Amino acid sequence: MSTPSADVSVRVAWAEDAEAIADLQGRTWRASYADLLPPEALDVDPDRAAGVWRTALARPADARTRVLVALERNRVVGFAITTPATDPDCDPATSAELMELTVDPDERGKGHGSRLLQAAVDTMAADRFTHAVLWAIASDDPLRRFLTEAGWGADGAHRELDLHGDGSTRVRQVRLHTEFGGPS
């Protein structure tokens, strides 16, 4: 006898997912970055964020920009954004960027992140990219460990973001990368 399994999947995001993605992003960022960023940086108007997401999903800036959502039944529990890489040392014809990989903190450890990461890599490969990068906050050990276990590695690149432009809030990031084959 088999045991029942959860109804889980990953698919391309629709404009109708905008509110769920905005809500998830806001909650996750507040939980993940409360010790790193000032409260005002994490205080985002949910209606405005949903509007930005709706526009981005309906009219992406690049045809190879994709937003994928991880679902449990019909509930969005994670999302990933893939796009051509913009770093000066990356060729946007062959290098992609995993701009964000977010899973609801209450849903971690259930396989959603692994499914989402695999779908993102498959999507990037289908778009004929052979290399991908992701910028991670240097102190985000759980994300870096997750990606390292999935075959990503630090490539030595790092940067410091000045979020307000006045030096008051700086965020250090490290770049991870992976190689994969495009379609045959």
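Read the figures in this text as sums done on the coordinates, not as results from a lab. Values in this document were obtained by computation on a predicted structure and should not be read as measured data.
Computed values, structure above
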item: Highest-fluctuation residue, V121, V171, V67 considered, GNM on the chain with Cα pairs under 10 Å; result: V171
item: Cα centroid of the stretch 79-137 to Cα centroid of the stretch 151-184, whole Å; result: 12 Å
item: Gyration tensor over alpha-carbon atoms, the stretch 24-73, equivalent ellipsoid semi-axes in Å; result: 24, 14, 11
item: 20 °C / 1.002 mPa s Stokes-Einstein diffusion coefficient of the chain, Kirkwood radius on C-alpha pairs, µm²/s; result: 124 µm²/s
item: Residue among A18, A58, A120 with the largest mean-square fluctuation in a Gaussian network model of the chain, springs linking Cα atoms under 10 Å; result: A58
item: Per-residue [θ]222 nm for the chain (sum of -39500 (n - 2.57) over DSSP H runs n ≥ 4, rounded to 500); result: -9500 deg cm²/dmol
item: Listed residues A136, A34, A70, most fluctuating in the chain (Gaussian network, C-alpha, under 10 Å); result: A34
